[in-house]
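The values are calculated or read from the model by the stated rules, or taken from the named source; none is laboratory data. Note that this is a predicted model, so its numbers are computed, not measured. We place every Cβ from the backbone using ideal geometry, glycine too, and count neighbours over all the protein chains shown. The area values use the complete protein model at the heavy-atom level, side chains included, leaving out ligands, DNA and RNA. Shrake-Rupley method; radii C 1.70, N 1.55, O 1.52, S 1.80 Å.
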Amino acid sequence: MDRNRKWVPGLGAALLILLCHVTSALEVPLDLPQPPTITLQSPKDYIFDPRENIVIHCEAKGKPTPSFSWTRNGTHFDVEKDSNVLTKPGSGTLVIDISGEKAEAYEGTYQCTAHNEHGTAVSNNIVIRQSRSPLWSKERNEAITVQMGVSLVLQCRPPAGLPPPVIFWMDNNFQRLPLDKRVSQALNGDLYFSNVLPEDTRSDYICYARFPHTQTIQQKQPISVIVLNSNPEGERPPGFMMPLGPASAKMVLRGETLELECIAEGLPTPDISWQKDGGELPSSRMSFHNFKKTLMISDVNEADAGDYRCSATNNLGNAHHMIKVTVKGMQIDSGTGILTCRVNGEPKPKITWFVNGIRLESDRKVEDDTVILSNVQTGSSAVYQCNASNEFGYLMANAFVSMNLQPVVVLTPPNQVYQVIANHPALLHCASFGSPIPTITWFKDSQTSIRNGDPYVIHENGTLEIHVAQPLNSGKYTCIATNNLGIRENHVFLEVKGQIWTNHSSGNETDCSTLSLLNPSLHQIKMTLQFKYCAKCPWQFFVETVASSRCNQRRRGELKWLGGPEMPSVLAEKPDPPTDLELTDQTERSVQLTWIPGDDHNSPTERFLIQYEDLLHQPGVWVNLSEVAGTSTTARLSLSPYIYYSFRVLALNRVGYSRPSQPSRQYRTNPAAPDENPSDVKGVGTEPGNLVISWTPLTGFKSNGPGLEYKVLWRQKDTDGEWSSRSVANVSQCVVSGTPTFQPYEIKVQAFNDYGSGPEPEVMIGYSGEDLPLSAPESLQVMVHNSTLAEVHWEPVSIPSVRGKLQGYKVLLDYGFFHVLTFSGNRSEGRLPGLQPYSLYNLFIRVVNSKGEGPQSSSKTFETPEGVPGPPSFLNVTTSSLDSLTLQWGPPMNNNGRLAGYTLKYQPVNNTNELGPVKVMMFLANETTTTLGNLNSSMLYKFYLSAKTIKGSGPIVTEEAFTVIDTGGSRVHILTVKAFNLTLAVRYIQSYNNPPLEFHSSPSTTPFLGKEDWKRELVNGSHSHTIKGLKPGTSYRVRVVARDPSDPAVHSTDEVLVTVPAVPSRQVDIATQGWFIGLMCAIALLILVLLIVCFIKRNKGGKYPVKEKEDAHQDPEIQPMKEDDGTFGEYSDTEDHKPLKGSRTPSNGTVRRDESDDSLVDYGEGGDGQFNEDGSFIGQYSGKKEKDTHEGNESSEAPSPVNAMNSFV
């Protein structure tokens, strides 16, 4: 803000209140009058699921409560007149029911306005769009055959959805394909192989696309890959598969997430690394993904712009790709006082001012980003909006401006009581508001003024904090809020209570303990109690004083616990600190420490922690030294020389550590020579002619005595010369000058002090400084293998000329752009992958060491032959009719040679998705459109187009299109209807673009009378639809209806009858059911009772003639039979002369039911007899012979009744 700008008259000392989304001058309490402030709104880009209601949020605060209104596409949106739109009570949030309407009708740009008598606030423009999940185009993927070791890309190319789909690769078993450093998925969904192996051979590489909002998943046709081992590709240095070329550019908007991706090929598989030229990567906002192939930086700002280097490295070389990142966008910063809207952005945003949602008129002074308020009256208010926009979007800030003089208001309720436990923090609140902002003062017991400082802290919002409250802090506290318009005070009360604890011993014996309880008013009282264990009664306490909220008075001095028969639960606390620390048995390197444990507070001590303080080297710093078991009270401590020790002990139980004990007396150990030498000794030259020897110094704790220094020794390796040495103190490195270039040295560093030297140090190997290489490679030769691969050979330089550690050779390729390949190690050849076909290259080679690069070799020029072209840039169907389609296409982005022409293949697709015969057409290089005639009407055609050079055809692009439907006046036609899994899949076509379509379905039992009960489902934007929720085993009639807003006629297809298959019922094995087993047992018992009754009757009635015949004729097949009905003759009992009839069981094992009212057949299989009216059993018992069942014969032997029963059961 301009320092010379002055406040305008009229503002005076009044308070200017500014509230916005960036800064806030003062938070106004909601009980004071104020204009609306938007508190909740939907995102600017709102994509909705067409199966769910649309909910557009708009909430605001203000006093009086704001009213809300909406605009859609810039005009007023009357929500009252739309029966599908509801407004949530108390807010402006809209809920739009689209279940029975076309969701597209509610797409558009919405804006919410909140208004009250003090001003108007507006929301962002909210763009409402419907999510979409288009179908995958039909295609037939041919098997891909590659040699082992080459790189490979499997393209996914899903249909574009809204929002974009989530891509993943799976196999036929719905298992995700394993990804690693060699095989990875790019951000665009393609699957990249840095090099293929035989195990990559498979026929089920399937790309899946999941559309988030509709929760639908679509799959691409499986891709088959065959890896051959007949001519495997050899090892090669890295090359980039994506992005191509040596450099690329990336633009990102401010605040968004930057995603940079590099995928390399090579053998062995390259490693990826990232760095930013001239800066560091932001570690707090940076993350790597996809095995470091993707770099993501969140919340991007202008400082993130620059050049990012992606490096791919294996043991044969490395490759680099530079990505230039540009950050664009804008950010609003609002100031206070004079309204200033500071905006940062690229390109520079345009600022527009609004007041209460209306564009600012010229009667107020506006200077670009500043509004100057003049003649503002006290008590007036308004909401100002700053709208900053450029080609990448817009930002809006709301500023509430109110001219008020407000006396003090205390918002905290009066006489509030705060209760806290001792040794815990206490917060006493004093919320207030006023204009000017009031100042807060605290008093205790209405007398003592409280100032900032231990133990009190007064926060900016007026809250008084006591870090560790004690009972003496209890009392009455008064806060005074003051501004120049008045003064207000408020009283609060603090009660600090003691903690609940008890000591007791468990068991059946009587014990006396001291109990500290809290009574209902939380006052602490001490009492002596005696308790005894009783297995059938609650715990009983006999105390001197009666006071407990959980105890009931029985008689004076006796309390009964009401918590149940178990012992009352006891609150555990941290243990008390140990006491009486004592040092004994002192030696040069050890001492004995003993202590007395403190109270464990109902939780046994688990262990003791012993710490020490070095008063000589690190006073005030306590270091952990040792731990012992909780049952120990002594510890033997190992010590170091030249330390001024002081010890303390902490106890630990399940609640936590105790406070530290009081420190022990000081114990000093005597100095001694160092016990060890410095660690991490290195020798590295930083410049030609020097050697820098560095190490990690000993700490004061390890110095063992005063006068600590280091003796540095060095000599050139393999010379057997004398050691050179130098003594240094208080440093961590020593620079040796005058050394030859890059020679190995033996180095060692020894510590010593006033009391002697440390042990003999270990010898390390280091190298003196490097210099740039002297020589360049010679005898360059290039062999071109194909249009994208060449091989270079050279004569390596001599090792002495390298003058450093040989890193490798750097190959520079110049073809209008520079491309750099680095080959690691001492080698004389390397492969150059990823070349551009039909290009002229200049090649140079430099040798590289750790210092840098040597001189450039002489250049070598070579040319790459022609290759196949890239795919055509586009393929579109521009015009369709009944029997013709017009196609238009664009030339390839990369010709890779002289373009010879185009090859167009096309074939029809029938209703069952089967492909018809392929027709092929050739076109010249200058032809980019054609019209195909003599096509079938109402037919889907698939087109394949590729460009070609003399080397062959390049990749294809595909397209699909329908010819116009000839349906006799109908504009929609059903192709197929398939039923599966309680759903109907309907595939249809239409004869004009995007008509609103309805699916009608009805069970076939619906009468064809009058207005039929058709169920409707709306669908748009596809050629198929799935009807769900159908009943199994039911037939349905289906038709598709098209309604064109410009055509009053309704077009309907013929009805299609289809049956949903019935769901097979789950078979239950009744033999394992409990009810069946119980029934069988009951039947067996009943048969046993009937058999016993039968034998009793038989013993009373004598022997039946039937029995005599059975004894005489064992085979029932030769019994006399009546010729007319095949039954036995009638026999009479000699005692009761009752007529009896027998029946013969047929050979098929069945029994005639009309001949017996009660048969064994009723109780089981294979019963051949029957009972007479008196209950006697007169039939035959028969058992099945051990024959094949197809013979149909039964046993002629009559088994005993018991055997008959057993065989029956």
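Quick check on residue 787: is it open to solvent by 40 Å² or more (accessible area, probe 1.4 Å) and small (Gly, Ala, Ser)? When the stated conditions are applied, residue 787 does not pass them.
How about region 770-784: which of its residues are part of a loop (DSSP other than H, G, I, E, B) and surrounded by 15 or more Cβ atoms within 10 Å (Cβ to Cβ)? Within region 770-784, 770, 771, 772, 773, 775, 776, 777 qualify.
Total residues in region 70-119 satisfying the condition of being part of a loop (DSSP other than H, G, I, E, B) and under 15 Å from residue 59 (Cα atoms): the figure is 6.
When the strands (runs of 3 or more DSSP E) confined to region 604-691 are screened for residues that are surrounded by fewer than 17 Cβ atoms within 10 Å (Cβ to Cβ), over 52 Å from the mean Cα position of the chain (by Cα) and not β-branched (Val, Ile, Thr), those reaching at least 1 such residues are found at 644-652. In region 34-54, the residue that is most open to solvent (accessible area, probe 1.4 Å) out of those that are within 14 Å of residue 212 (Cβ to Cβ) and over 23 Å from the mean Cα position of the chain (by Cα) is 51.
Of the strands (runs of 3 or more DSSP E) lying entirely inside region 877-960, the ones with 3 or more residues being out of contact with any Phe, Trp or Tyr (no Cβ under 8 Å at 6 or more places or on another chain) are found at 885-892. For beta carbons closer than 6 Å, sequence separation of 6+ or different chains, a first residue in region 946-958 that is without any contact (Cβ under 8 Å) to a residue 24 or more places away in the chain and a second that is of a type in the set (S, T, N, Q) and surrounded by fewer than 16 Cβ atoms within 10 Å (Cβ to Cβ), there are no qualifying pairs.
Does residue 785 count as under 28 Å from residue 271 (Cβ atoms) and either among the β-branched types (Val, Ile, Thr) or modelled with pLDDT of 95 or more (or both)? Answer is no for this residue.
Look through region 120-146, keep the residues that are touching a Gly at 6+ places or on another chain (Cβ under 8 Å) and assigned to a strand (DSSP E or B), and return whichever of them is surrounded by the fewest Cβ atoms within 10 Å (Cβ to Cβ). Out of the qualifying residues, it is 127. Taken over region 159-189, the criterion of being closer than 30 Å to residue 46 by Cβ, crowded, with 17+ Cβ neighbours inside 10 Å and out of contact with any Lys or Arg (no Cβ under 7 Å at 6 or more places or on another chain) is satisfied by 167, 185, 186, 189.
With respect to (1) out of contact with any helix residue (DSSP H, G or I) (no Cβ under 9 Å at 6 or more places or on another chain); (2) at pLDDT 90 or above, the lone exception for residue 742 is condition (1).
Conditions tested, residue by residue: (1) more than 18 Å from residue 358 (Cβ to Cβ); (2) of a type in the set (Val, Ile, Thr).
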site: 56; (1), (2): yes, yes
site: 78; (1), (2): yes, no
site: 84; (1), (2): yes, no
site: 93; (1), (2): yes, yes
site: 103; (1), (2): yes, no
site: 107; (1), (2): yes, no
site: 115; (1), (2): no, no
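The set of residues in region 461-486 being within 43 Å of the chain's Cα centre (by Cα) and either surrounded by 13 or more Cβ atoms within 10 Å (Cβ to Cβ) or over 16 Å from residue 410 (Cβ atoms) (or both) consists of 462, 463, 464, 465, 466, 467, 468. Pull up region 1034-1072, narrow it to residues that are modelled with pLDDT of 70 or more and polar (S, T, N, Q), then point me to the one that is farthest from residue 102 (Cα to Cα). Here the answer is 1072. Exactly one residue out of 805, 810 is open to solvent by 70 Å² or more (accessible area, probe 1.4 Å) and either under 44 Å from the mean Cα position of the chain (by Cα) or over 30 Å from residue 930 (Cβ atoms) (or both): that is 805. Among the residues of region 425-442, those identified as modelled with pLDDT of 90 or more and either surrounded by 22 or more Cβ atoms within 10 Å (Cβ to Cβ) or in a strand (DSSP E or B) (or both) are 426, 427, 428, 430. All conditions in (1) more than 17 Å from residue 33 (Cα to Cα); (2) among the β-branched types (Val, Ile, Thr); (3) at pLDDT 70 or above hold for residue 409, with the sole exception of (1). When region 563-588 is limited to residues that are polar (S, T, N, Q), within 30 Å of residue 671 (Cα to Cα) and open to solvent by less than 70 Å² (accessible area, probe 1.4 Å), the one that is modelled with the highest pLDDT turns out to be 584. Considering only region 729-761, how many residues are more than 30 Å from residue 806 (Cα to Cα) and part of a loop (DSSP other than H, G, I, E, B)? Within region 729-761, residues that are more than 30 Å from residue 806 (Cα to Cα) and part of a loop (DSSP other than H, G, I, E, B) number 9.
So that you can scan it fast, the table gives a plain yes or no per residue for (1) at pLDDT 95 or above; (2) hydrophobic (A, V, I, L, M, F, W, C):
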site: 596; (1), (2): no, yes
site: 600; (1), (2): no, no
site: 616; (1), (2): no, yes
site: 623; (1), (2): no, yes
site: 642; (1), (2): no, no
site: 645; (1), (2): no, no
site: 649; (1), (2): yes, yes
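Do we have residue 979 as open to solvent by 30 Å² or more (accessible area, probe 1.4 Å), in a loop (DSSP other than H, G, I, E, B) and either farther than 30 Å from residue 788 by Cβ or at pLDDT 70 or above (or both) here? It is false that residue 979 is open to solvent by 30 Å² or more (accessible area, probe 1.4 Å), in a loop (DSSP other than H, G, I, E, B) and either farther than 30 Å from residue 788 by Cβ or at pLDDT 70 or above (or both).
Residue 220 fulfils the conditions (1) surrounded by fewer than 18 Cβ atoms within 10 Å (Cβ to Cβ); (2) in contact (Cβ under 8 Å) with a residue 60 or more places away in the chain; (3) touching a strand residue (DSSP E or B) at 6+ places or on another chain (Cβ under 9 Å) except for a single criterion, (1).
Of the residues making up region 936-957, those that are in contact with a strand residue (DSSP E or B) (Cβ under 7 Å, 6 or more places away or on another chain), closer than 26 Å to residue 901 by Cα and surrounded by fewer than 18 Cβ atoms within 10 Å (Cβ to Cβ) are 953, 955, 956.
Residues in region 839-858 that are touching a residue at least 60 places away in the same chain (Cβ under 8 Å) and either over 26 Å from residue 235 (Cβ atoms) or part of a strand (DSSP E or B) (or both): 843, 845, 846, 847, 848, 849, 851, 852, 853, 855, 856, 858. Among the residues of region 238-272, those that are among the polar types (S, T, N, Q) and surrounded by 16 or more Cβ atoms within 10 Å (Cβ to Cβ) comprise 248, 269. Within region 147-158, the residues that satisfy the criterion of being hydrophobic (A, V, I, L, M, F, W, C) and either open to solvent by 70 Å² or more (accessible area, probe 1.4 Å) or not in a loop (DSSP other than H, G, I, E, B) (or both) are 152, 153, 154.
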